[in-house]
1. Can you tally the net charge around C322? Count Lys and Arg as +1, Asp and Glu as -1, for every other residue whose Cβ sits under 13 Å from the Cβ of C322.
2. For a quick check, take a GNM of the chain with Cα springs below 10 Å and name the residue from G99, G76, G279 with the largest mean-square fluctuation.
3. For the residue pair F122 and Q56, what label-to-label distance in nm results when each label sits 7 Å from Cα along the Cα-to-beta-carbon direction?
4. Report, for the chain, the % of DSSP beta bridges that are antiparallel, rounded to 5.
5. Once the other residues with Cβ under 14 Å from the Cβ of A27 are scored (Lys, Arg +1; Asp, Glu -1), what is the net sum?
6. Given 4 °C and 1.567 mPa s, how large is the Stokes-Einstein diffusion coefficient of segment 1-98 in µm²/s, with Rh as the Kirkwood radius over Cα pairs?
7. I'd like the projected area of segment 60-209, averaged over all directions, using the convex hull of its alpha carbons. Report it in nm² with one decimal.
8. Compute the FRET efficiency between R286 and R38 as 1/(1 + (r/R0)^6), taking r as their Cβ-Cβ distance and R0 = 35 Å, and round to the nearest 0.05.
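Any read-out appearing in this document is the output of simple, stated calculations on the displayed coordinates, not a laboratory observation. From a predicted model like this one, the values you see are computed outputs, not experimental measurements. Here the Cβ is made from the backbone with ideal geometry for all residues, glycine too, and neighbour counts use every protein chain on show.
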Amino acid sequence: MQAIVALAECPDYRPATVQAAVAELLASLGGLPDLGQRGQTVLLKPNLLTDRAPEQAVTTHPEIVRALIRMVKARGGCPTVADSPTSAIQTERVWEKTGFKAMCAEEGVPLVNLEKSGSVQFDREGISYSVAKPVLEAALVINVPKFKTHILTTVTNAVKNILGTVPGFQKTMLHKHFPSPVQFSAFLATLYALVKPGLTICDAVVAMEGDGPSGGEPRSLGFLAGATDGVALDAALCRLLGIPLEEVPYLGMLQRAGIGPADWNQIKIVGNVALPLPGPSLRLPRARGLVKFIPSWLVQLLAGYVWIRPSFSTRCVQCGLCVKSCPVQALSLPKGAKVPVLNPAVCVGCCCCHEVCPELAVTMTQSFLLNLRSRGKLPA
């Protein structure tokens, strides 16, 4: 049986436009998943990575979540909104800057701080991590990601957005425990299989291309996408936007585990968006974890020659967020320094500093060998 991925035209974020597009999506998918009984909690999980305004295309637009809130209420559910942003920035500041604080107040819906709501412990390969209790206890989790490119995982959407169910500084430390793109993707696959949201509605009205998830450029795509299977949704959007599936390793991992299909032949596209999508393929990050294409034994042998590291421009305002977010303390900001100082021997190339920089002062650079590989000068 094919997985259904629905598309709906949505050229802008005007409330009436978004409401109509979300209704179109849900109609194509057969409506909201069954809540069982009235009064059940429905947790909406947007991408609230950091404290950016909605028009910067870093976070999910609040109007999409507003439309879903109203539809959940109409079905007798009790909606809540929750995410765990990057630990380097106060959650309340993220709520305010992204527009979610005002929107949820207008809709009379609680914003749940996953840092303070308790969690349940799990284990992967001897590494302990936790998932927030409100996520695990909700009758339905609706995943509401923003479609963006991502330096480490190539894209962030349905699967990657579930990382925000892990509260606090753990998210950063997981990069230390699973430093390579393949290792981190394997963890993401495990986490997604654990949470497995019942519905995903993706914000692709204005996506992000280039050096995402926070340092890229907005790209108007003009649609919303939805599915009950987030793996199928990610795979379909990669195909439609010209992103090779082999560059997103967690998709193959999830398909092999039987969690969802990544094979185009197992996916059916429905909706009112004309295909193929117009315009060029989404522009990918310049340094996007290409180390995953090199065998692990060779990476270890050539550790000094195969790396991805941050560099800092004069746009830096010495705010210290990158230093605070680094899981391995590879960054410092000595008194009088104009930019952070990197200890390259410690850096694991996790891109956390790049994600949190409010001034877009961090660029992820790669070694000479990776540059050769990305230009097709070395064999895969």
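1. +1
2. Among G99, G76, G279, the largest mean-square fluctuation in the Gaussian network model of the chain belongs to G279.
3. 3.0 nm
4. Values: 29 of 50 bridges.
Among the beta bridges of the chain, antiparallel pairing accounts for roughly 60 percent.
5. On the way: positive: R75; negative: E9, E24.
Computed value for this residue: -1.
6. So the translational diffusion coefficient is about 87 µm²/s.
7. Working: hull surface 34.9 nm².
Reported value for the Cα convex hull: 8.7 nm².
8. On the way: r = 50 Å, r/R0 = 1.44.
It comes out at approximately 0.10.
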